[in-house]
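The values are calculated or read from the model by the stated rules, or taken from the named source; none is laboratory data. Here the structure is a predicted model, which means the values were calculated and not measured. Positions of Cβ are generated from backbone atoms using ideal geometry, with glycine treated the same way; all protein chains shown enter the neighbour counts. Each accessible area value is taken on the protein alone, full model and side chains, heavy atoms only, with ligands, DNA and RNA left out. Shrake-Rupley method; radii C 1.70, N 1.55, O 1.52, S 1.80 Å.
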Amino acid sequence: PCPQSGYTLAVLNVGAPAAGMNAAVRATVRISLIHGHRVLAVHDGFEGLAFGMVRVCRGMGVGCSLGWIRGAGVWHGGFPLPRTLPKKYFEEISANISKFGIHALIIIGGFEAFTGGLELVEGRARFEELCIPLCIIPATVSNNVPGSDFSIGADTALNTITTTCDLIKQSAAGTKRRVFIIETMGGFCGYLATMAGLAAGADAAYIYEEPFSSRDLQANVDHLIEKMKTTVKRGLVLRNERCNENYTTDFIYNLYSEEGKGVFDCRKNILGHMQQGGSPTPFDRNFGTKMGAKAVAWITGKIKECSRHGRIFANTADSACLLGMRKRSLVFQPITELQQQTDFEHRIPKEQWWLRLRPILKILAKYNIELDTSETAHLEHLTRKVLVPEATL
C-alpha cells in the first residue's frame, strides 16, 4: 500500500457524456491513490456534491479492467449527469466539503464544468470551504471549452461523423445526381461541421461563427448544379445544429430540392446522439489518461502550496485552473483569466483556431477563391536624416 498523504480529492463529472471521460476518471483516481490521497467519486455532478452522493474509491473500484477505458459514458454513478450549476447549492456544497474533508476538486466536463468552476471561485468570498484548489478537465464532443484547442470526446465524435458521412455518400453509389444534407451537433460551435466537412469532402458546411445569407445558399446550389455536369454526381452539405435559427435543416433541404429540380434530388439526415460515438478512439483514451494524470500532479502540488498548519486555504486566481491543450502543450490556465475570452451567451470561445481552416473547404470543393493567409502592409518611403557636425556649420 502507498504511504497516505492525508489529503482527500473529489472527482466529479458535469454535463453530457463524452467518449474518453472514463479514461480520465480512471487515470485521476489511480494516480491519486498512488500519491497516497483518499479519493471520493461524486455522483450526479454539483447536485450530488450538494446532496452528499459521494463514495470512497478503492484501488480496484476503477481497476485496469478494459471496461473503464472503453466505456463511452460515465460509469462511476450509473445516473444521468445533470447540468445543474453550483450557485444555488453553495451552502449545501460548502457543508459537504467540510463534512467529507475534501481538500481539492477535479471537475471533468464541458462548458458547464467551466461555468460551474467560475461560480465556485465567485463563491469563495462568501464561503471559506470553497477556498480549495480546483482543476477542470475539458470533456465534450462540441469542443467549445475556452482555453483548450481540443477536448476529450471531440475526436471520437468527429470519427463517427466522418464514417457516417462516408456511408451516406456510398449509399448513393447506384444513384446519379444526389445531394445529402447532414446536420451535426455542437451547439453554436461549428468545429464538428467544419472538420467533418474537410474530412468527408463536403461541398459546404454552414456554421454559426461564419454568418451566411440566402445569396450564399443560392451560390452553393448553383455550384452543385455545375458540379453535376462533371463526372462526380454526388454532393454533401453539412449544417451545424444551431448555425441559424431561420435557415433550418428542413429549409435548406426544401431550398436545394426546389432549386435543383430536374438536376439533382436531395436527402436529409439528422445524425443526432449517435455521433457522440460509442467506443473512444485511441487519441481520446490517451488524451483522457494524460489529462487525468497531469491534473492530479498539479493539484497535489497546489494542495501542498496552500497548506497552512494542516488547513488548506486557496483563494488566488491560479488555484482554480483549466487544463487545456494549447498547440503542442498542456497548460494550466486560471479560469478567471479565461472569462474574458468567452462568449457566454453562445457558449463558445471568442477566438477559435480551426476557423482559419475554413478557406480550405472552399478550395477542395473547387470554388474559385484565393488562399492567401499573409498580412499585407503599405510600405512607406523613408529618407535617412543625416546629422551634420556643428563644426561645419
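Which members of the stretch 192-222 meet the condition of being among the polar types (S, T, N, Q) and open to solvent by less than 50 Å² (accessible area, probe 1.4 Å)?
Once the filter is applied, which keeps residues that are among the polar types (S, T, N, Q) and open to solvent by less than 50 Å² (accessible area, probe 1.4 Å), the stretch 192-222 yields T194, S213, N220.
Tell me, please, whether a residue that is in contact with a Cys (Cβ under 8 Å, 6 or more places away or on another chain) and in a helix (DSSP H, G or I) can be found in the stretch 321-328.
Of the residues in the stretch 321-328, the ones in contact with a Cys (Cβ under 8 Å, 6 or more places away or on another chain) are 321-323.
Applying the additional criterion that residues be in a helix (DSSP H, G or I) yields none.
No, there is no match, as no residue in the stretch 321-328 is in contact with a Cys (Cβ under 8 Å, 6 or more places away or on another chain) and in a helix (DSSP H, G or I).
Okay, residues lined up against (1) assigned by the TED database to the domain that holds T336; (2) within 30 Å of R311 (Cα to Cα); (3) not aliphatic (A, V, I, L, M):
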position	(1), (2), (3)
K99	yes, yes, yes
I102	yes, yes, no
R126	yes, yes, yes
P146	yes, no, yes
T175	no, no, yes
E183	no, no, yes
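Report, ordered by the first and then the second residue, all pairs with beta carbons closer than 9 Å, sequence separation of six or more or different chains, a first member in the stretch 232-261 that is assigned by the TED database to the domain that holds G186 and in a loop (DSSP other than H, G, I, E, B), and a second member that is of a type in the set (V, I, T) and open to solvent by 70 Å² or more (accessible area, probe 1.4 Å).
Correct list of pairs: E241/I270.
Please go through the stretch 159-191 and give me each residue that is part of a helix (DSSP H, G or I) and either buried (at least 22 other Cβ atoms within 10 Å of the Cβ) or polar (S, T, N, Q) (or both), ordered by number. Break it down into steps so the answer makes sense when it comes.
Of all residues in the stretch 159-191, those part of a helix (DSSP H, G or I) come to 159-170, 191.
N159, T160, I161, T162, T163, T164, C165, Q170, Y191 - these are the residues of the stretch 159-191 that are part of a helix (DSSP H, G or I) and either buried (at least 22 other Cβ atoms within 10 Å of the Cβ) or polar (S, T, N, Q) (or both).
For a quick check of your reading: which strands (runs of 3 or more DSSP E) sit entirely within the stretch 1-101 and have at least 1 residues that are at pLDDT below 90?
Details: elements: 8-14, 38-42, 54-57.
Correct list: 54-57.
Please tell me if E241 is modelled with pLDDT under 95, of a type outside the set (S, T, Y), touching a helix residue (DSSP H, G or I) at 6+ places or on another chain (Cβ under 6 Å) and surrounded by 14 or more Cβ atoms within 10 Å (Cβ to Cβ). Break it down stepwise before answering.
Working: modelled with pLDDT under 95: yes; of a type outside the set (S, T, Y): yes; touching a helix residue (DSSP H, G or I) at 6+ places or on another chain (Cβ under 6 Å): no; surrounded by 14 or more Cβ atoms within 10 Å (Cβ to Cβ): yes.
Judged against the criteria, E241 is not a match.
Any chance you could count how many residues in the stretch 274-285 are closer than 21 Å to V25 by Cβ, surrounded by fewer than 16 Cβ atoms within 10 Å (Cβ to Cβ) and touching a residue at least 12 places away in the same chain (Cβ under 8 Å)? Don't jump to the end; show me each part of the working.
Applying the first criterion (closer than 21 Å to V25 by Cβ) to the stretch 274-285 yields 276-285.
The next check asks that each one be surrounded by fewer than 16 Cβ atoms within 10 Å (Cβ to Cβ); those that pass are 278-279, 282.
Applying the additional criterion that residues be touching a residue at least 12 places away in the same chain (Cβ under 8 Å) yields 278-279.
Counting residues in the stretch 274-285 that are closer than 21 Å to V25 by Cβ, surrounded by fewer than 16 Cβ atoms within 10 Å (Cβ to Cβ) and touching a residue at least 12 places away in the same chain (Cβ under 8 Å) gives 2.
Got a sec? Which of I303, I299, I225 is outside any loop (DSSP other than H, G, I, E, B) and either over 25 Å from I152 (Cβ atoms) or open to solvent by 50 Å² or more (accessible area, probe 1.4 Å) (or both)? Can you show your working first?
Numbers: I303 fails: either over 25 Å from I152 (Cβ atoms) or open to solvent by 50 Å² or more (accessible area, probe 1.4 Å) (or both); I299 fails: either over 25 Å from I152 (Cβ atoms) or open to solvent by 50 Å² or more (accessible area, probe 1.4 Å) (or both).
The unique qualifying residue is I225.
Please go through the stretch 1-22 and give me each residue that is touching a Ser or Thr at 6+ places or on another chain (Cβ under 9 Å) and farther than 19 Å from R38 by Cα, ordered by number. I'd like the intermediate steps shown before the answer.
Kept after step one, since they are touching a Ser or Thr at 6+ places or on another chain (Cβ under 9 Å), are these residues of the stretch 1-22: 5, 7, 9, 11, 14-16, 18-20.
Residues satisfying the conditions are V14, G15, A16, A18, A19, G20.
Residue under question is D155, and the condition is that it be open to solvent by 20 Å² or more (accessible area, probe 1.4 Å), of a type outside the set (K, R) and part of a helix (DSSP H, G or I); does it hold?
Numbers: open to solvent by 20 Å² or more (accessible area, probe 1.4 Å): yes; of a type outside the set (K, R): yes; part of a helix (DSSP H, G or I): yes.
So D155 passes the test.
In the set Y256, Y247, which member is open to solvent by less than 40 Å² (accessible area, probe 1.4 Å) and at negative phi?
On the way: Y247 fails: open to solvent by less than 40 Å² (accessible area, probe 1.4 Å).
It is Y256.
Quick one: count up the residues across the stretch 332-343 that are open to solvent by 50 Å² or more (accessible area, probe 1.4 Å) and among the aliphatic types (A, V, I, L, M). I'd like the intermediate steps shown before the answer.
Step one: of the stretch 332-343, the residues open to solvent by 50 Å² or more (accessible area, probe 1.4 Å) are 332, 337, 339-341.
Okay, now just the ones that are also among the aliphatic types (A, V, I, L, M), so none.
The total comes to 0.
For the stretch 344-358, enumerate the residues that are out of contact with any helix residue (DSSP H, G or I) (no Cβ under 9 Å at 6 or more places or on another chain) and open to solvent by 40 Å² or more (accessible area, probe 1.4 Å).
Of all residues in the stretch 344-358, those out of contact with any helix residue (DSSP H, G or I) (no Cβ under 9 Å at 6 or more places or on another chain) come to 345-346, 353, 356.
Once the filter is applied, which keeps residues that are out of contact with any helix residue (DSSP H, G or I) (no Cβ under 9 Å at 6 or more places or on another chain) and open to solvent by 40 Å² or more (accessible area, probe 1.4 Å), the stretch 344-358 yields E345, W353, R356.
Kindly indicate whether any position in the stretch 115-131 is more than 25 Å from R30 (Cα to Cα), part of a loop (DSSP other than H, G, I, E, B) and either of a type in the set (K, R) or modelled with pLDDT under 90 (or both).
Looking for residues that are more than 25 Å from R30 (Cα to Cα), part of a loop (DSSP other than H, G, I, E, B) and either of a type in the set (K, R) or modelled with pLDDT under 90 (or both), one finds at least one in the stretch 115-131, hence yes.
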